[in-house]
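The values are calculated or read from the model by the stated rules, or taken from the named source; none is laboratory data. Since we're looking at a predicted model, the values are computed, not measured. Neighbour counts are summed over all protein chains in view; Cβ atoms, including those assigned to glycine, are modelled from backbone coordinates with ideal geometry. All accessible areas refer to the heavy atoms of the entire protein, side chains included, with ligands and DNA or RNA removed. Shrake-Rupley method; radii C 1.70, N 1.55, O 1.52, S 1.80 Å.
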Amino acid sequence: MPHRAVQTIIKAGLTVLLLAGAGAMGAYSYLRLSLPRVAGEMQISGVAAPIEVLRDPHGIPHIFAQSERDAHFALGFVHAQDRLWQMEMNRRIASGRLAEALGPNALETDRFLRTVGIRRAAEANVARLDAETRGLLDAYASGVNAFLNTHPVLPIEFWIFGVKPQAWSAVDSAAWAKMVAWDLGGNWRRELLRLQLARRLPTAAIQEFLPPYPGDAPVALPELRDFYGALEREPPQLSASERFVGASNSWAVSGARSTSGKPLLANDPHLGLTAPGIWYFAHLHAPGLDAIGATLPGVPGVVLGRNERIAWAATNTGPDVQDLYLEKIDAAGRYLTPQGPVAFVTLRETIKVKGAADEVLTVRVSRHGPVISDVVQNALDAIPRGHALAFAWTALAEDDASLAAVFKIPRSRNWGEFTASLREFHAPQQNLSYADVEGNIGFIAPGRIPIRKAANLLKGLAPAPGWDEGYDWTGYIPFEDLPRAFNPASAKLVTANQKIVPPGYRYHISAEWAAPYRAQRIDALLDTQVKHDRSSFARMQMDVVSLPVRELLPRMTGIQGGSPEAREALKWVAAWDGTMSPERAEPLIFAAWWREFSRAVYADELGGAFRGAWSEQAAFLSNVLADKDGQARWCDDVRTRRVESCDDVLSSALEKALADLRGRYGNDAAGWRWGAAHEARLRHRPLSRSAWLRPYFDIAVPTGGDSYTVNVGRMDFADDAEPFANRHAASLRAVYDLADPEASVFIHPGGQSGNPLSPHYRDFALLWARGDYVPMITQRSRLEAGATTRLVLKGPR
């Protein structure tokens, strides 16, 4: 080829590269315009009086308004500035409108959520709210829409998916608040699992696999196999993604147990990890309101936090507020009730699908609730022929007024006002802990809990016959009778999803309390010193001692290793104390061994339901290894009918675990690290699914802990690609000091911004992982003394 031709080709190539580079730089520069404006003045329609938004160095907005209405208007504005794509996804999830943006792959989720009717319930709730609450919801929506009316450059996700945000509404906020309640519930999945297992296992075996709370007797249930009759289909696999339900820790001490003589309160709600995180820190200041803490993008109000006089925290109670009902269908398509057959209420839902035709969905609703077996295949497969499965949930009630309570809590100034504000808090039931500057501590568990009749043989643990009125709810536990405590003699309070009702409590809240491992560890740590301060509470929040591991270690390490590698691993693990430290190899070896042992113990018994139920199951495995009531028989292989000792199963599982670890992390066991395998994975919705885009949007940091440590880090054993990754952890941590509320601190795992181009997208991640915090300041003089920016929102001239 002539020399001149080669030069021409090279010049052309360089020109293309330069143009591509210039285009990329131009696109990057343009997309940086999607970052929020944080200084100067903006004329905004809907502002009654000037609003000042001071942002501290961490990107936390401090809103100073002349009315509570304007404060929530500004909160809507800053939420939209920082988290617009997250808000768009939130309302699409709650409304069953994902397929409209993401295409046919999202149809299954949309069908389910349209059937459950999250948005329908939200519409009914908003229509019945009091005028004040509705006004604040509308003010928030106006703030979001005021931002949209500035015609901003949209975050990159809107460009990727070709989505344009529509106006925000009060119903959008109410629907997302209800989705948060959904994430904190989930008893129906356990009911469905029992129905699935009834064909394979006797009820006694099911109750062994799902054991009662320590010290409690199993609930007396009928033999489910006989109760339901011959189930005609093999139980299907439950979705592993549906297994995690919100958990949390909170504890408090009064001044008698603190160095300052005033209460301390700690909180770390555990939720699925996302990027950006579920929470957004903000401070709202207006006449009658001066609150700082965690807010939910898409929802007004400070959900968890403090004002100048009180602090409040939350953990999930774990109540049984959902029931499944088998509806018997006749030849005419009606369902049987105690008064005879009646027609289902039918609703028509049109689901728009990106790149495809609209789908029309017919939703059937019985007197108990929507029929989920029409859209959940594993529910359809599990029920007898000629039946449908309806879903009852307290949060679907038309008069759910929980949002009214969310606005009242931050205005409360004492225990009386705080508890009074919670009468309207219906869903989700939470253990709300409390401390105040006067020296008081307390807790209350508000929420609507159904009362079940004495004739209810299933006690909410398995799907009930819908035609038998003996299984219908008869009302809710009266507010005055809900669990509570105020200034206990012990001078301490601990709620960590453990059983919170005393012996002889007259009502049924749940038969499925979380095992008390975290609560026991917290209680023990509180008793290790007479007086506590913020630093001791902070250390407790990072504690990674696993009580179940300590319980299982002596039994598991008592075997003989079959290979040199296994014998070496056994020596390491036997000398280890069960601390799930990120820098050590032993926690990884033990977790992999635990995974393989649990597979060997119950995969054969559970069959198709195994993968959806595959988790640590600490209490059950402890009973198996202790041979409690002969439970060592679970170590037998029912598929081959081979009787095996648990020692043999443990030995085989260890060999498999070590082989798996060598395949994942190399042959040098000394180089294995729990933190690297147990990275906290904050996943972006939905770009985490893209191998190309995931590195730019996901956030990952090494962490310690396991599902039972105070510093929790839940795994998904059923995820073969990353079975040890931390999927569910502290969604925020806070320590409130009532001797000096301004010295309180908090952190969440991602950053304030939802825009990956922002320095505040992931700047909290390493702080969170190593147990650091940022200050929870509200005093304006202190804020202005720091590196703050100031944005003023004014009405048009």
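Structure data summary
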read-out: Residue within segment 603-615 that is assigned to a loop (DSSP other than H, G, I, E, B), open to solvent by less than 10 Å² (accessible area, probe 1.4 Å) and among the hydrophobic types (A, V, I, L, M, F, W, C) present; value: yes
read-out: Extreme residue, surrounded by the fewest Cβ atoms within 10 Å (Cβ to Cβ), among residues of segment 325-367 that are at positive phi and in a loop (DSSP other than H, G, I, E, B); value: GLY355
read-out: Which listed residue is touching a residue at least 12 places away in the same chain (Cβ under 8 Å), farther than 24 Å from LEU184 by Cα and among the aliphatic types (A, V, I, L, M), from ALA669, ALA729; value: ALA669
read-out: Qualifying position, being buried (at least 24 other Cβ atoms within 10 Å of the Cβ), in contact with a helix residue (DSSP H, G or I) (Cβ under 7 Å, 6 or more places away or on another chain) and in a loop (DSSP other than H, G, I, E, B), among GLY277, GLY301; value: GLY301
read-out: ASP381 being assigned to a loop (DSSP other than H, G, I, E, B) and of a type outside the set (A, V, I, L, M, F, W, C); value: no
read-out: Selection status of PRO222, within 16 Å of PRO463 (Cα to Cα), in contact with a helix residue (DSSP H, G or I) (Cβ under 8 Å, 6 or more places away or on another chain) and modelled with pLDDT of 95 or more; value: yes
read-out: Selected residue [in contact with a Phe, Trp or Tyr (Cβ under 9 Å, 6 or more places away or on another chain) and either at negative phi or aliphatic (A, V, I, L, M) (or both)] from ALA94, ALA99, ALA106, ALA124; value: ALA94
read-out: Within segment 448-460, tally of residues that are touching a residue at least 40 places away in the same chain (Cβ under 8 Å) and open to solvent by 10 Å² or more (accessible area, probe 1.4 Å); value: 5
read-out: Residues satisfying the stated conditions in segment 704-720, i.e. among the polar types (S, T, N, Q) and over 14 Å from ALA618 (Cβ atoms); value: ASN711
read-out: Helices (runs of 4 or more DSSP H) within segment 460-568 that include 2 or more residues over 30 Å from ASN440 (Cβ atoms); value: 547-556
read-out: Checking ARG200 against (1) of a type outside the set (Phe, Trp, Tyr); (2) surrounded by fewer than 18 Cβ atoms within 10 Å (Cβ to Cβ); (3) at pLDDT below 95, the condition it does not meet; value: (2)
read-out: Qualifying positions in segment 126-148 - of a type in the set (Ser, Thr, Tyr) and either more than 13 Å from VAL78 (Cβ to Cβ) or open to solvent by 30 Å² or more (accessible area, probe 1.4 Å) (or both); value: THR133, SER142
read-out: Matching residues, segment 682-704, being assigned to a strand (DSSP E or B) and either open to solvent by 70 Å² or more (accessible area, probe 1.4 Å) or closer than 15 Å to TRP768 by Cβ (or both); value: LEU682, ARG683, ILE699, ALA700, VAL701
read-out: Any helices (runs of 4 or more DSSP H) falling wholly within segment 128-205 and containing at least 2 residues that are in contact with a strand residue (DSSP E or B) (Cβ under 7 Å, 6 or more places away or on another chain); value: 187-197
read-out: Positions within segment 26-77 being free of Cβ contacts under 8 Å to residues at least 24 places away in the same chain and of a type in the set (D, E, K, R), in sequence order; value: none
read-out: Residue tally, condition small (Gly, Ala, Ser), open to solvent by less than 30 Å² (accessible area, probe 1.4 Å) and closer than 24 Å to ARG733 by Cα, over segment 486-522; value: 3
